[in-house]
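Every number in this text was worked out from the coordinates using simple rules, so none of it is lab data. Note that the structure is predicted; figures quoted are calculated from it, not measured. Don't worry about glycine lacking a Cβ; one is built from the backbone with ideal geometry, like all the others, and counts go over all protein chains shown.
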Amino acid sequence: MINIKILNDYQRLAQEGIYKPISCMDKDHHVPLVSRLEDDDTISMYCVMCNYKIKPGLALYDVAKRRVEQHFAKNPADYSYIEQD
Ligand SMILES: [Zn+2]
C-alpha cells in the first residue's frame, strides 16, 4: 500500500536538497514529479511540464519511505514544516 504523504514528504526533502528528487526523464526540463491520487484510488506521479506519468512501484516507494523515516529520525524538528495527517 503506497501512502501519498510519504511521496510528498520525500519530494519536499528533495526540494531542500537533502535527496535527489523523483524527476521527469526529459532532459530539457527534468522537473520533480507531483504525486496524485487517481479516481481508482491508485497513486501516480506526473510531470507538470509534459504530463509524463508513472505509477510508482513498491521498490521506488520503499526507498522513499526509508529515506523519509531516516531523515525524520535524525532531524525530528524538521517535522514542524511537514504537513501532518
Ligand atoms: Zn516532463
task = Report, in degrees rounded to the nearest 10, the 0 to 90 angle that the Cα long axis of helix 4-15 makes with the longest principal axis of the chain.
result = 80
request  = For residue 74, go through the lysines and keep the ones whose alpha-carbon is under 20 Å away, minus same-chain ones fewer than eight residues off.
outcome  = 5, 20, 65
ask   = In deg cm²/dmol, rounded to 500, what helix-only [θ] at 222 nm does the chain give when every DSSP H run of at least 4 residues adds -39500 (n - 2.57) and the total is split over its residues?
value = -11000 deg cm²/dmol
inquiry  = Can you give me the angle between helix 58-74 and the longest principal axis of the chain, using Cα atoms only, in degrees from 0 to 90, rounded to the nearest 10?
reply    = 30
query = What is the fewest-to-most order of 34, 68, 48 by other Cβ atoms lying within 10 Å of their Cβ?
reply = 48, 34, 68
request  = Report the Cys residues of the chain lacking a disulfide-compatible partner, meaning no second Cys Cβ under 4.7 Å from their Cβ.
outcome  = 50
task = Give, rounded to the nearest 20 debye, the magnitude of the charge dipole that the chain has about its Cα centre when Lys and Arg contribute +1 at Cβ and Asp and Glu contribute -1 at Cβ.
result = 340
remark   = Low-density loop trypsin sites (Lys or Arg not before Pro), the chain, at most 14 other Cβ within 10 Å, DSSP non-H/G/I/E/B, are 27
ask   = Relative to the present Cα-Cα distance, how much length would full extension add between residue 36 and residue 18 at 0.36 nm per residue of separation?
value = 4.3 nm
